[in-house]
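What follows is a set of notes on a single structure, which appears directly below.
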Amino acid sequence: MKVKVGEIETPEFQGTHLWNRLGWAKENLEMVRSQYCIVWEDPNKPEEPAKVTSPDPNWMACALQGGILPPVSSYWELAKDETQPDFERHTRGPELLHNMKPIDAMTEEQAIEYLIMKDIPQHVWRDYETANKPRLVICRKDQLPQKRIWRNAWRIKEDINTLQEKVA
Amino acid sequence: MGTIKADTVTGLADPNKATIPNTITMGSTTATLNFGNTVITNASAGSTTVTAEGGSTTTNLQQGLCKVWSTFEHDAISLEDSLNVSSHSNDAAGRTTITFTNNFSNVDYAYCGTVFDGQGANDVRTIGHDNGTDTNSTSALKIYTAQADGALNTSERLFSHQHLKFTLSKKMEH
């Protein structure tokens, strides 16, 4: 029977394959549906509309529970390996994912920030504060336009400065 | 460490039941376990086969397992359930990126999906991958959905009840 995040103790998972950790979480933890999403624009593709990234509810449960997910730097290292010209297959999985000490429980805000660093290209967020227009916003899903007719025209408002405004 | 030699082991209170706490180690690299008429064989690291229906052929567990699946409503960014997914990205009308928690070992994985029809069993949809602009990686899959005339969806009405269920099967070795 599944329980809410925090109502069960995470087993000692260092050394356990990440796949098995996710299986434990799926069996034991209830999903956590976040009300937040990340709206972002790719500065390398200015013609494309703003993208909306949403955390997976099973993943969010793992993040809030703690002791399951690897450090976000592990994914950076895997991405670096994949860009090598002679890359054929990953070989550092055990070192980076399964034997690395899992990270502790995060708050929802920390989990969203982790997700930005994991799933959004680095060139979007690494220096987003120095960009001359907003290119990344964390917002509630109800702040997005509710109609999709002009979905391909969505852009982040350049003068956005309040959580109460629609962001695109 | 000693060795017990016996042809049959039975339970004490109930001869049909026995309990072994925690871990059983069978063999070293190769091992065979018979569950009645079903044979489970471990031929090497990461290669476990199970007797398939009919009793003659076998199925490789590792290669045959689905490693990632996801059911979500594209336009509403409503994520219903999943396995091994960290996020969904609504990239544009009809375009989605699914990012994994445990990466694949390489990009040679297979995927399949289906679309939930609003009603009437008359919606024609295609799910595809744009090989020209969307590069799949070991950590994420980019797909698009198109309607019968090939256009990506730009109408909320067409895809407001779209569900995509993806299964990806590939040896997830690392």
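The values are calculated or read from the model by the stated rules, or taken from the named source; none is laboratory data. Source: prediction; values computed, not measured. Reconstructed Cβ throughout: ideal geometry from the backbone, glycine too, with neighbour counts over all protein chains shown. These accessible areas exclude ligands, DNA and RNA; they are computed on the full protein's heavy atoms, side chains included. Shrake-Rupley method; radii C 1.70, N 1.55, O 1.52, S 1.80 Å.
The set of residues in the range A:46-61 that are open to solvent by less than 20 Å² (accessible area, probe 1.4 Å) and more than 10 Å from chain B (Cβ to nearest Cβ) contains only A:Ala61. Pairs are defined by a Cβ separation below 7 Å, a sequence spacing of at least 6 or placement on different chains, a first member in the range B:1-20 that is within 21 Å of B:Gly36 (Cα to Cα), and a second member that is exposed (fewer than 10 other Cβ atoms within 10 Å of the Cβ); the pairs so defined are B:Gly11/B:Lys17; B:Ala18/B:Val9.
Quick grid of which residues meet (1) closer than 30 Å to A:Lys141 by Cβ; (2) assigned to a loop (DSSP other than H, G, I, E, B); (3) modelled with pLDDT of 80 or more:
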{"residue": "B:Thr23", "(1), (2), (3)": "no, yes, no"}
{"residue": "B:Ala43", "(1), (2), (3)": "no, no, no"}
{"residue": "B:Thr49", "(1), (2), (3)": "no, no, no"}
{"residue": "B:Glu53", "(1), (2), (3)": "no, yes, no"}
{"residue": "B:Gln62", "(1), (2), (3)": "no, no, no"}
{"residue": "B:Thr71", "(1), (2), (3)": "yes, no, yes"}
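Every residue, every condition in (1) more than 27 Å from A:Asp42 (Cα to Cα); (2) hydrophobic (A, V, I, L, M, F, W, C); (3) modelled with pLDDT of 90 or more, yes or no:
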position: A:Gln84; (1), (2), (3): no, no, yes
position: A:Asp104; (1), (2), (3): yes, no, yes
position: A:Glu108; (1), (2), (3): no, no, yes
position: A:Lys118; (1), (2), (3): no, no, yes
position: A:Pro134; (1), (2), (3): no, no, no
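For (1) surrounded by fewer than 20 Cβ atoms within 10 Å (Cβ to Cβ); (2) part of a loop (DSSP other than H, G, I, E, B); (3) within 11 Å of another protein chain (Cβ to nearest Cβ); (4) not polar (S, T, N, Q), each residue gets a yes or a no:
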site	(1), (2), (3), (4)
A:Lys26	yes, no, yes, yes
A:Ser34	no, yes, yes, no
A:Ile38	no, no, yes, yes
A:Asn44	yes, yes, no, no
A:Ala63	no, no, yes, yes
A:Pro70	no, yes, yes, yes
A:Ser73	yes, no, no, no
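What are the residues in the range A:75-101 that are facing chain B (nearest Cβ under 9 Å) and either in contact with a helix residue (DSSP H, G or I) (Cβ under 7 Å, 6 or more places away or on another chain) or polar (S, T, N, Q) (or both), if any? A:Tyr75, A:Leu78, A:Phe87, A:His90, A:Thr91, A:Arg92, A:Leu96, A:Leu97, A:His98 - these are the residues of the range A:75-101 that are facing chain B (nearest Cβ under 9 Å) and either in contact with a helix residue (DSSP H, G or I) (Cβ under 7 Å, 6 or more places away or on another chain) or polar (S, T, N, Q) (or both). Residues that are facing another protein chain (nearest Cβ under 9 Å) and surrounded by fewer than 20 Cβ atoms within 10 Å (Cβ to Cβ) within the range A:14-24 comprise A:His17, A:Trp19, A:Gly23, listed in sequence order. Considering only the range B:69-115, state which residues are at the interface with chain A (Cβ under 8 Å from one of its Cβ atoms) and aliphatic (A, V, I, L, M). Answer for the range B:69-115, where residues must be at the interface with chain A (Cβ under 8 Å from one of its Cβ atoms) and aliphatic (A, V, I, L, M): B:Ile77, B:Leu79, B:Leu83, B:Val85, B:Ala92, B:Ala93.
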